[in-house]
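J.: Structure below; questions to follow.
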Amino acid sequence: MTTSVATRSPGQPRSIALFGGTFDPIHSGHIAVALAARRRFHLDAVYFIPSSRPPHKTKLILTPFAHRYALVALACADHEGFLPSLAEAPPDASGTHVFYSLDTVKKFKKEFPSDHLYFILGADQFLEIPTWRNYETLLDSCDFIIANRPGFRMDALRLVIPPEMQGRVISRDANRITLRKSTVYLLSTVRSHISSTEVRQRLHAGKPVDGLVAPSVQDYIRRQGLYQ
C-alpha cells in the first residue's frame with residue numbers, strides 16, 4: 001500500500017493531528033479530509049476522537065459511544081497512521097459526560113510534548129469557535145487545519161478570530177492566517193458534500209450507502225442493526 005506518511009528518525013518530533021467529531025457514523029468525507037491533511041502537512045498520525053457528548057450538541061441523541069468508536073476503529077484500519085482515540089470516551093456507560101476541546105488538546109500536549117500538534121475542523125465548525133469554552137486559549141494552543149467547503153472564503157475565518165490575535169503581517173499565502181502563537185490553514189484541496197445526517201437517513205430508508213462509508217463500517221452497521 002502506498003502512503004504519504006512522513007518518515008521520522010527515532011526521537012524526532014512528529015506532526016500529528018486531532019480530528020474530533022461525533023462520527024455518527026464516520027464516512028468517506030471524514031476520511032478524505034484526513035487524507036488530504038496528511039498529504040499536505042506530512043502528518044505522522046491522525047487521531048480520530050469520537051466525542052462522548054459535544055458541548056454544543058447536548059440535546060442530540062447519539063448512537064452509543066461504543067458503536068461509534070468501533071466504526072471509527074474499522075475505518076482507520078484501512079489507512080496507515082490513522083488511529084482511533086479514546087481521549088473523549090465517557091467515564092461510565094451513560095455517555096453524558098461533556099468534554100471540551102481545550103482539555104483534549106492539553107491531554108495530547110502532555111502525552112506528546114515534543115510533537116507538532118494540529119487540530120482538524122470543518123469550516124462551519126470553525127465559524128462557531130467563539131462559542132467554545134476558552135476559545136482564545138484554544139487558538140493559542142495548536143495549529144488548525146480547516147476543511148473547506150464550496151464557496152467558502154478565508155475572510156470568513158478572519159472575522160471570528162479576535163483582531164488582537166492575528167499577526168500584523170498578512171501572509172502572502174491566501175490559505176493561511178498567522179496568529180500570535182499558532183497558524184490557521186485552509187485545506188482547499190478537498191470538498192465533500194457527504195454528511196453523517198445523509199448517511200443515517202439513507203440507512204433508515206433502506207437505501208444503499210456504498211461509497212459513502214467503508215465496507216467494513218457498512219458491514220458493522222448492518223450486523224448491529226444501527227440507524228434503522
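J.: Looking only at residues in the range 130-145 that are farther than 13 Å from residue 106 by Cα and of a type in the set (Val, Ile, Thr), which one is farthest from the chain's Cα centre (by Cα)?
T.: 131
J.: Let me ask another. Can you tell me which residues in the range 19-38 are within 10 Å of the chain's Cα centre (by Cα) and not in a loop (DSSP other than H, G, I, E, B)?
T.: Answer for the range 19-38, where residues must be within 10 Å of the chain's Cα centre (by Cα) and not in a loop (DSSP other than H, G, I, E, B): 19, 20, 21, 30, 31, 33, 34.
J.: Looking at 77, 73, 87, can you tell me which residue is surrounded by fewer than 22 Cβ atoms within 10 Å (Cβ to Cβ), within 25 Å of residue 187 (Cα to Cα), in contact with a Pro (Cβ under 7 Å, 6 or more places away or on another chain) and modelled with pLDDT of 95 or more? So that I can check it myself, show each step before the final result.
T.: Details: 77 fails: in contact with a Pro (Cβ under 7 Å, 6 or more places away or on another chain); 87 fails: in contact with a Pro (Cβ under 7 Å, 6 or more places away or on another chain).
Result: 73 is the single residue among 77, 73, 87 that is surrounded by fewer than 22 Cβ atoms within 10 Å (Cβ to Cβ), within 25 Å of residue 187 (Cα to Cα), in contact with a Pro (Cβ under 7 Å, 6 or more places away or on another chain) and modelled with pLDDT of 95 or more.
J.: Counting just the residues of the range 168-193 that are modelled with pLDDT of 85 or more and crowded, with 17+ Cβ neighbours inside 10 Å, which one comes out nearest to residue 140 (Cα to Cα)?
T.: Checked the range 168-193; the qualifying residue nearest to residue 140 (Cα to Cα) is 182.
J.: Counting just the residues of the range 172-228 that are among the aliphatic types (A, V, I, L, M) and in a strand (DSSP E or B), which one comes out nearest to residue 79 (Cα to Cα)?
T.: Only one residue tops the list, namely 213.
J.: Next question, about the same structure. Name the one entry in 14, 68 that is modelled with pLDDT of 95 or more, charged (D, E, K, R), surrounded by 20 or more Cβ atoms within 10 Å (Cβ to Cβ) and out of contact with any Ser or Thr (no Cβ under 6 Å at 6 or more places or on another chain).
T.: Exactly one of 14, 68 is modelled with pLDDT of 95 or more, charged (D, E, K, R), surrounded by 20 or more Cβ atoms within 10 Å (Cβ to Cβ) and out of contact with any Ser or Thr (no Cβ under 6 Å at 6 or more places or on another chain), namely 68.
J.: Okay, next question. Under 7 Å by Cβ, and 6 or more places apart or on different chains, what pairs join a residue from the range 18-45 that is modelled with pLDDT of 95 or more and crowded, with 23+ Cβ neighbours inside 10 Å with one that is part of a helix (DSSP H, G or I) and among the aromatic types (Phe, Trp, Tyr)?
T.: 18/108
The values are calculated or read from the model by the stated rules, or taken from the named source; none is laboratory data. Worth saying up front: this structure is predicted, and the values here are computed from it rather than measured. Positions of Cβ are generated from backbone atoms using ideal geometry, with glycine treated the same way; all protein chains shown enter the neighbour counts.
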